[in-house]
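Heads up: the structure comes next, in structure tokens.
The values are calculated or read from the model by the stated rules, or taken from the named source; none is laboratory data. Since we're looking at a predicted model, the values are computed, not measured. So basically every Cβ, Gly included, is an ideal-geometry build from the backbone, and we count neighbours across all protein chains shown. What goes into the accessible areas is simple: the full protein's heavy atoms, side chains included, and nothing from ligands, DNA or RNA. Shrake-Rupley method; radii C 1.70, N 1.55, O 1.52, S 1.80 Å.
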Amino acid sequence: MLSTLQPPRCSLSRFPLHLPSKPFFFHSKQTPYPIANSALTDQLPSSNASQSLHSQILSIRHSLLSRQITATQLAESYLNRLRALEPHLNSFLHVSESVLSDAREIDGKIQRNEEVGPLAGVFVGVKDNICTAGMPSTGGSRILEGYRPPFDATAVKRIKELGGIVIGKTNLDEFGMGSSTEGSAFQVTANPWDLSRVPGGSSGGSASAVSARQCVVSLGSDTGGSVRQPASFCGVVGLKPTYGRVSRFGLMAYASSLDVIGCLSTTVADAGILLHAISGHDTHDATSSKREVPDFASQFSAVDSLESKPLKGLRIGLIRETLDNGVDGEVNSAIRAAASHLEELGCSINEVSLPSFSLGLPAYYILASSEASSNLARYDGVRYGNQAVADELTGLYENSRATGFGSEVKMRILMGTYALSAGYYDAYYKRAQQVRTIIQKSFREALDENDILISPAAPSAAYKIGEKVNDPLAMYAGDIMTVNVNLAGLPALVLPCGFVRNGSSNLPVGLQMIGAAFDEGKLLKVGHIFEQTLSERRFVPPLLADDIVG
């Protein structure tokens, strides 16, 4: 399925990224080249700062505007690294043919002293269920194989308008239905930390690509944890915004009341910058919020400017039910160590109980499957999707869907259709909606007493490819930490906090921070301080450890 890409005949070490070995510092004095008038570039550290904000996006911008490197050189570095790693990882379904021409256009503007956008030279991977004009957008499904949308999703359009370059389309479980990226109709993606393990799902390609530095940042979609769980498995930052913060226009619908477009990056600062870029009301999406988008960059402070207790007075609630039986012991230890670190930063840590937490998983799968059965009805070979050969219309519908959909998608359509059928609606769908209301209320009450709630992002570290593919219930159980947040429509940030031992190597563990609706700024501020002050900040896969600085 991977197009415009050929495996190189060379070693990985020949393709280090041509970025400085040390972070750049940003000075308040006037730069000789114009900077776009955007809040993304307003909050830069002064020349007195002794530490950077740990932002790859800002480092790239500085290196371009100071002419230390060109966008074309950056593009060649990322493409070379992508080609070198792709035969091992299978993160991408398609690589853009216009990356170098887009980079040369940025170089031309800089040479002419023209204004360039705040994301100029930033290479973005886009999950393949998010529409991109002129590039394949398959949703990981055979039924859309070869489909090229005539338009960009709003999130993609906004990235391009700010100078970002879409480097390619990343692999996913078909239509976002899965937790391991093994459900893709085209290929299985590997985890950069251990090629025998899954990257998580359904945004596994996006998480793997960011972890392996095949792109700077990426877009994913999160219906029940599909940004956050892969972020945990791959040791990167994953941000699920509040429902309505980011337009869903151009996102292939799975469960419309749960779907959100989210961000994956190597640092919290980059996640905040990317979120700012894609947020805001969109007339094409009636569910998008008209709230003003805050300047998330203003939440970030260099580590040397922090007080000894920078989070003093912040109330953190550790969700008791997320550390019960069923959670790996080393994951449990990593989360408790993260809570202790937050306490050292000045937070007060309290265990909170959410008795309805365990109800979220069955309610989620009823609601998500029900909405999927409705949303995917459009793929019939006539309105949407590849058309199978048949002698009559009913056969055409049946054959198109039978050959186009994979087994997991078919199973969820059947489950959803059953839950919505006459005689069972009240017993399943209606009851699940009632549970959803209870979950929303319990989160609201907990967040009235606490500023942020924390939990593991997943009950285990990444598991072996094939380990759970024939046990759907075990696969579904892995979503227990994340689905409640989608049911409540709240924002959540996942960032690496530690490791689980895996023989002679380590696998990353992610800490999930949950905030009140539209309070992403607080999550980003706390996450950024946590990230900068964590003693182990180098979450770089062994595959890259000798070639790249995290």
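Worth pointing out:
- The set of residues in region 446-482 that are of a type in the set (S, T, N, Q) and free of Cβ contacts under 8 Å to residues at least 40 places away in the same chain contains only Asn470.
- Cross-chain or 6+ apart pairs with Cβ under 9 Å, region 335-359 first and free of Cβ contacts under 8 Å to residues at least 40 places away in the same chain and open to solvent by 50 Å² or more (accessible area, probe 1.4 Å), then hydrophobic (A, V, I, L, M, F, W, C) and assigned to a helix (DSSP H, G or I): Arg336/Leu323; Glu351/Leu323; Ser353/Ala446
- Residues in region 385-415 that are outside any helix (DSSP H, G or I) and closer than 21 Å to Val469 by Cα: Phe405, Gly406.
- Filter pass, Tyr379 being within 28 Å of Tyr463 (Cα to Cα) and aromatic (Phe, Trp, Tyr): no
- If you go through region 110-134 and keep only what is of a type outside the set (Gly, Ala, Ser) and either touching a His at 6+ places or on another chain (Cβ under 6 Å) or surrounded by fewer than 19 Cβ atoms within 10 Å (Cβ to Cβ) (or both), you end up with Gln111, Arg112, Asn113, Glu114, Glu115.
- The set of residues in region 153-171 that are out of contact with any Asp or Glu (no Cβ under 6 Å at 6 or more places or on another chain), outside any strand (DSSP E or B) and buried (at least 23 other Cβ atoms within 10 Å of the Cβ) comprises Ala153, Ala155, Val156, Ile159, Gly163, Gly164, Asn171.
- In region 352-379, the residue that is nearest to Tyr254 (Cα to Cα) out of those that are touching a strand residue (DSSP E or B) at 6+ places or on another chain (Cβ under 9 Å) and not aliphatic (A, V, I, L, M) is Arg378.
- Matching residues, region 73-104, being closer than 11 Å to Ala209 by Cα and assigned to a loop (DSSP other than H, G, I, E, B): Asn90, Ser91
- Listed by first and then second residue, the pairs linking a residue in region 284-297 that is among the polar types (S, T, N, Q) to a residue that is at pLDDT 95 or above and open to solvent by less than 20 Å² (accessible area, probe 1.4 Å), with Cβ atoms under 7 Å apart and 6 or more places separating them unless they lie on different chains, are Thr287/Gly244; Ser288/Gly244; Ser288/Ser247; Ser288/Asp282; Ser289/Gly244; Ser289/Arg245.
- Here is the figure for region 391-429: residues that are open to solvent by less than 40 Å² (accessible area, probe 1.4 Å) and small (Gly, Ala, Ser) total 7.
- Matching residues in region 301-332 - criterion: being in contact (Cβ under 8 Å) with a residue 40 or more places away in the chain and part of a helix (DSSP H, G or I): Val303, Asp304, Ser305, Thr322, Leu323, Glu330, Val331, Asn332
- Subset of region 483-504 (residues that are part of a loop (DSSP other than H, G, I, E, B) and either among the polar types (S, T, N, Q) or in contact (Cβ under 8 Å) with a residue 24 or more places away in the chain (or both)): Gly489, Leu490, Pro491, Ser504
- Considering region 97-137, the residues that are over 20 Å from the mean Cα position of the chain (by Cα) and of a type in the set (Ser, Thr, Tyr) include one that is nearest to Pro149 (Cα to Cα), namely Ser98.
Yes or no, residue by residue, for (1) outside any helix (DSSP H, G or I); (2) modelled with pLDDT of 95 or more:
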site: Thr417; (1), (2): no, yes
site: Tyr428; (1), (2): no, yes
site: Val435; (1), (2): no, yes
site: Ser442; (1), (2): no, yes
site: Ala446; (1), (2): no, yes
site: Met481; (1), (2): yes, yes
site: Asn506; (1), (2): yes, no
site: Val509; (1), (2): yes, yes
site: Met513; (1), (2): yes, yes
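- Ser247 of a type in the set (S, T, N, Q), over 25 Å from His94 (Cβ atoms) and touching an Asp or Glu at 6+ places or on another chain (Cβ under 6 Å): no
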